[in-house]
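Structure, as structure tokens:
The values are calculated or read from the model by the stated rules, or taken from the named source; none is laboratory data. Just so you know, these numbers come straight off a predicted model, no measurement behind them. Positions of Cβ are backbone-derived with ideal geometry, glycine not excepted, and every protein chain shown enters the neighbour counts. Quick note on the areas: whole protein, heavy atoms, side chains included, nothing else; ligands and nucleic acids left out. Shrake-Rupley method; radii C 1.70, N 1.55, O 1.52, S 1.80 Å.
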Amino acid sequence: MKKLKNRWLIAASAVGIHLSIGAVYAYSVLKKPLLAELGWEFKETAWAFSIAILFLGLSAAFLGRKVEKMGPRKSGMLSASFYGTGLILSGLAVMLGSVNLFYLGYGVIGGIGLGVGYICPVSTLVKWFPDRRGLATGLAIMGFGFGALLASSIIQFLIGAVGISSMFFILGSTYFVLMMSSAQYLAPPPEDWTPAGFEANAERKTKKQIKADLAQLTSIEALKTPRFYFLWTMLFFNITCGIAVISVASPLSQEIAGLTPVAAAAMVGAMGLFNGLGRIGWASFSDIIGRPMTYTAFFLIQIIAFFLLPQTTNAFAFQAIVFLILTCYGGGFASIPAYIGDVFGTKNLSAIHGNILTAWAAAGLVGPQLAAYVREATGSYAGTLYIFAGLFVVALVVSIVIQFNIKAIRKQKEEIVIAPQMVVS
């Protein structure tokens, strides 16, 4: 009999992969050095990040079923190969001064590595932690958020020490080794495994019961349910508004609250911290109040926050509201895998999670563009914030509708179970 793996070491391995790929959120640190050294235009450098996020979502969707079949170890190795190669090609692109090669390396190939690396450990963790799904996925996805904080300092140091191209070579090689090493320990739990103290045992009433998943569906079956589109819509709105705030945080804070450029830069750095804390905090809290109520809380909080933000001229209060928004933004990412497991089961979670992450790809394009369009049309960011508050009202309604949908299905399942017992009696 094979020795049972330690599920907390599985979680640590997942964090290792997410810390590596989370470096993509430190891309803003690269913009000015690329502009200064290569003379690329602002739009050219901005497109590389958008392409990376686009391919993250697309690869997660189209390779989700493949990831499920390959298993987490091979999928993690595949992610390491794509992500490491993408960064090394980015370094070569900088050496050659080729923006198209940079798009291919950083955007397309690196983006595929991001997508596969994002979903494979999360699916595994949900299976290892049926009792603490939110905490487990929050740990891994917190790694993605904190990966940006770690990478930003390292990138700045390496650019100053060895230059941009060598920085990419070092990062690509380092992340490849870290991700490959982390992937070696990843594995799904044995079939029908449950953690100690959580077995469903009728004779031992003291043992805790794991709440049954609503269903066990394939990715194709999930696509045929309203619940899939409810979850997609909620994630899309949460990311669209959050990523828009991230993209304009510095000028937004200077325009509304009068922060200096230095203070605004400090706020942007702190936003990464609250993004990461929100991932572990909200995801853990979702184990207590449930995923449906957690998402409803996200939208209620952000409706109020986005209405207040344009009127908040006090610098401290303004930053506090922005940090609160960032916790909800990060919490949405961390809670969605557990929510998927609750309503669709865990057998095909990678594929379903991948399909829902197309919302991230879409939001990555829509959010920043919408913020820029309204700013140009009105001359102020205030109009954008009010629009986002309105979008969260729609998201709130969707979060309530899905709760009624889930309750109706559970009631229907209970009636099916009770009916045969009545016939026998």
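Table: residues versus (1) open to solvent by 30 Å² or more (accessible area, probe 1.4 Å); (2) touching a residue at least 12 places away in the same chain (Cβ under 8 Å); (3) among the aromatic types (Phe, Trp, Tyr); (4) farther than 22 Å from residue 273 by Cα.
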{"residue": "218", "(1), (2), (3), (4)": "yes, yes, no, yes"}
{"residue": "222", "(1), (2), (3), (4)": "no, yes, no, yes"}
{"residue": "226", "(1), (2), (3), (4)": "yes, yes, no, yes"}
{"residue": "229", "(1), (2), (3), (4)": "yes, no, yes, yes"}
{"residue": "233", "(1), (2), (3), (4)": "yes, yes, no, yes"}
{"residue": "240", "(1), (2), (3), (4)": "no, yes, no, no"}
{"residue": "243", "(1), (2), (3), (4)": "no, yes, no, no"}
{"residue": "252", "(1), (2), (3), (4)": "no, yes, no, no"}
{"residue": "257", "(1), (2), (3), (4)": "no, yes, no, no"}
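Kindly indicate whether residue 340 is closer than 20 Å to residue 131 by Cα and part of a helix (DSSP H, G or I).
On the way: closer than 20 Å to residue 131 by Cα: yes; part of a helix (DSSP H, G or I): yes.
In short, yes.
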Task: Every residue from the stretch 219-257 that is at pLDDT 85 or above and either among the acidic types (Asp, Glu) or touching a Lys or Arg at 6+ places or on another chain (Cβ under 8 Å) (or both) - done: 219, 221, 255
- [ ] State yes or no: is residue 154 out of contact with any helix residue (DSSP H, G or I) (no Cβ under 6 Å at 6 or more places or on another chain) and open to solvent by 10 Å² or more (accessible area, probe 1.4 Å)?
- [x] yes
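Can you say whether residue 346 is within 20 Å of residue 121 (Cα to Cα), not charged (D, E, K, R) and not in a helix (DSSP H, G or I), as far as the supplied structure shows?
Details: within 20 Å of residue 121 (Cα to Cα): yes; not charged (D, E, K, R): yes; not in a helix (DSSP H, G or I): yes.
Yes, satisfied.
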Open item on the list: Checking the condition open to solvent by 10 Å² or more (accessible area, probe 1.4 Å) and farther than 21 Å from residue 338 by Cβ, which residue from 39, 105 passes?
Closed with: 39
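Out of 264, 334, 320, which single residue is open to solvent by 40 Å² or more (accessible area, probe 1.4 Å) and assigned to a helix (DSSP H, G or I)? Walk me through it before giving the result.
Details: 264 fails: open to solvent by 40 Å² or more (accessible area, probe 1.4 Å); 334 fails: open to solvent by 40 Å² or more (accessible area, probe 1.4 Å).
None of the others qualify; the one that does is 320.
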Task: In the stretch 395-418, the residues that are within 30 Å of residue 247 (Cβ to Cβ) and either open to solvent by less than 70 Å² (accessible area, probe 1.4 Å) or not in a helix (DSSP H, G or I) (or both) - done: 395, 396, 398, 399, 401, 402
- [ ] Within the stretch 379-394, work out how many residues are in contact (Cβ under 8 Å) with a residue 60 or more places away in the chain and either surrounded by 15 or more Cβ atoms within 10 Å (Cβ to Cβ) or in a helix (DSSP H, G or I) (or both).
- [x] 11
TODO: Answer yes or no as to whether residue 306 is closer than 26 Å to residue 340 by Cα and either open to solvent by 20 Å² or more (accessible area, probe 1.4 Å) or not charged (D, E, K, R) (or both).
DONE: no
Task: Within the stretch 49-99, tally of residues that are surrounded by fewer than 24 Cβ atoms within 10 Å (Cβ to Cβ), under 30 Å from residue 340 (Cα atoms) and among the polar types (S, T, N, Q) - done: 2
TODO: Sort out which residues of the stretch 267-280 are under 18 Å from the mean Cα position of the chain (by Cα) and open to solvent by 40 Å² or more (accessible area, probe 1.4 Å), and write them in order of number.
DONE: 273, 274, 277
Task: Count - residues of the stretch 10-56 that are over 20 Å from residue 249 (Cβ atoms) and not in a helix (DSSP H, G or I) - done: 3
- [ ] May I ask you to say which residue of 268, 248 is touching a Pro at 6+ places or on another chain (Cβ under 9 Å) and among the β-branched types (Val, Ile, Thr)?
- [x] 248
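Take residue 351 and tell me if it is buried (at least 24 other Cβ atoms within 10 Å of the Cβ) and over 30 Å from residue 265 (Cα atoms).
For residue 351, the condition - buried (at least 24 other Cβ atoms within 10 Å of the Cβ) and over 30 Å from residue 265 (Cα atoms) - is met.
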TODO: Scan the stretch 298-330 for residues that are more than 23 Å from residue 250 (Cβ to Cβ) and in contact with a Phe, Trp or Tyr (Cβ under 7 Å, 6 or more places away or on another chain) and report the count.
DONE: 2
